[in-house]
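Visitor: Let me give you the structure first, and then I'll get to my questions.
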Amino acid sequence: MIKDAELAQYLQSIGARVAAAAQELDKQHVGPDSHFKEDNSWMFSTDEFHLVNSDQLNAFTTGGSHMYVYEQLMQTCRSEDELAAVVAHEFAHVYCRHVQKGMNRQMWSLGGAAALGAVGYAAGGKEHGMEYATYGLGLGVVAGQFLGMGYTRDDEAEADKFGFQFYCRAGWDPARFGDFFQQLIDKGYDKTPEWQSDHPTLSSRVQAARTRAEQLPADAASWRSPPIADAGKFAELKTRAAQVAQTTKKDTELGKAQLLLRSVPSCLLPVDSPGQKDAQEQLKAAYAASQAKKK
Ligand SMILES: [Zn+2]
């Protein structure tokens with residue numbers, strides 16, 4: 001986890017703006033059935049947004065009150081709009097309870113909360129070690145459980161849909177919501193046919209964002225508000241993040257944390273990158289070894 005007051009504060013402000021917009025929509029009863037099926041007040045009050053030191057292009061949420069944005073993602077974003085779009089998308093996974101759904105599908109019998117807690121452990125490092133160690137899980141055990149979890153294509157499309165609404169209501173530029181995905185297309189990430197991918201294609205995500213921007217109600221203009229960091233300030237924050245990341249120490253424990261962070265299934269790319277797959281394989285091997293030891 002990158003510990004820097006200014007960066008933490010910045011990410012937290014973006015997250016708070018997204019969460020406040022989501023809460024407005026909750027009051028208007030806008031959202032899927034999965035959002036309204038149980039108490040949801042916790043979604044808007046305890047959220048913590050963290051920057052983690054990883055060279056993978058990703059962001060993820062544990063589905064509860066924690067969201068992790070990778071430093072590499074911040075470096076890739078060209079503006080606050082792009083970063084806010086990703087945060088809004090991740091928050092929508094919480095809003096729609098997709099993580100719980102994934103847990104029901106894959107991990108119910110294995111104690112999904114513990115596994116997700118350990119992802120938090122990986123991101124949080126030593127400091128939260130005791131907290132998660134009480135779950136009594138080794139890295140390999142954890143890995144075997146959470147790697148099976150991932151969002152479906154429908155989950156991703158739904159997160160884009162509601163993420164877009166949070167993002168616009170929170171004041172960012174509707175025309176820019178698809179910019180991050182467009183950037184990934186420009187970089188050549190959209191080569192996988194949709195049927196081979198767990199995710200909608202990047203081009204269909206950009207197209208959907210464009211259509212949604214065109215269909216906003218007339219009063220949407222009144223939602224706009226300036227970004228928290230303008231272009232100059234955003235560039236400054238990126239430089240700061242890169243500098244702080246460089247000074248983060250790399251001991252063995254962090255090496256494991258890095259591996260786990262790298263392996264988290266992608267929320268952004270159409271398919272997991274070679275680095276992600278490699279990390280997943282390493283974790284699966286660790287899991288197999290931990291199982292063999294038990295016997
Ligand atoms: Zn997603």
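Visitor: Using the basic label-point model (7 angstrom from Cα toward the beta carbon), what is the residue 36 to residue 285 distance in nanometres?
Guide: Going by the 7 Å Cα→Cβ label model, 5.0 nm.
Visitor: Would you mind checking the pairs 256/284; 3/238; 3/233; 3/277; 37/161 and listing those with alpha carbons more than 24 angstrom apart? Each step should come with its number before you reach the end.
Guide: Details: 256/284 13 Å; 3/238 14 Å; 3/233 19 Å; 3/277 28 Å; 37/161 19 Å.
From 256/284; 3/238; 3/233; 3/277; 37/161, over 24 Å: 3/277.
Visitor: Can you give the extra length, in nm with one decimal, that the chain gains between residue 16 and residue 191 once fully stretched, where that is 0.36 nm per residue apart less the Cα-Cα distance?
Guide: Working: separation 175, 0.36 × 175 = 63.00 nm, distance 3.46 nm.
Working it through step by step, the gained length comes to 59.5 nm.
Visitor: Expected output is a single nm value to one decimal: the length gained when fully extending between residue 175 and residue 221, i.e. 0.36 nm times separation in residues minus the C-alpha distance. What is it?
Guide: Using 0.36 nm per residue and subtracting the Cα-Cα distance, I get 15.4 nm.
Visitor: Here's another thing I want to ask about it. Can you list the residues, at least 5 places off or on another chain, whose amide H is less than 5 Å from the amide H of residue 51, using H built in the peptide plane?
Guide: 2, 69
Visitor: In whole Hz, what ³J(HN,Hα) sequence does the stretch 204-218 give by Karplus (6.51, -1.76, 1.60; θ = phi - 60°), x for Gly and Pro?
Guide: 6, 6, 5, 4, 4, 5, 5, 4, 5, 5, 5, 9, 5, x, 4
Visitor: To continue, here is another question. Fully extended, how many nm does the chain gain between residue 6 and residue 203 (0.36 nm per residue separation, minus their Cα-Cα distance)? Before the final figure, lay out the partial values.
Guide: Details: separation 197, 0.36 × 197 = 70.92 nm, distance 3.44 nm.
Going from the current span to full extension adds 67.5 nm.
Visitor: What number comes out for the charge environment of residue 283, summing +1 per Lys or Arg and -1 per Asp or Glu over other residues with Cβ under 12 Å away?
Guide: Counting the neighbours of residue 283, the net charge comes to +2.
Quick note: the coordinates plus some simple rules give every number you see, no bench work behind them. Quick caveat, the model's predicted, so the values are computed rather than measured. A quick note on method: Cβ atoms are made from the backbone with ideal geometry, for glycine too, and the neighbour counts reach across all protein chains shown.
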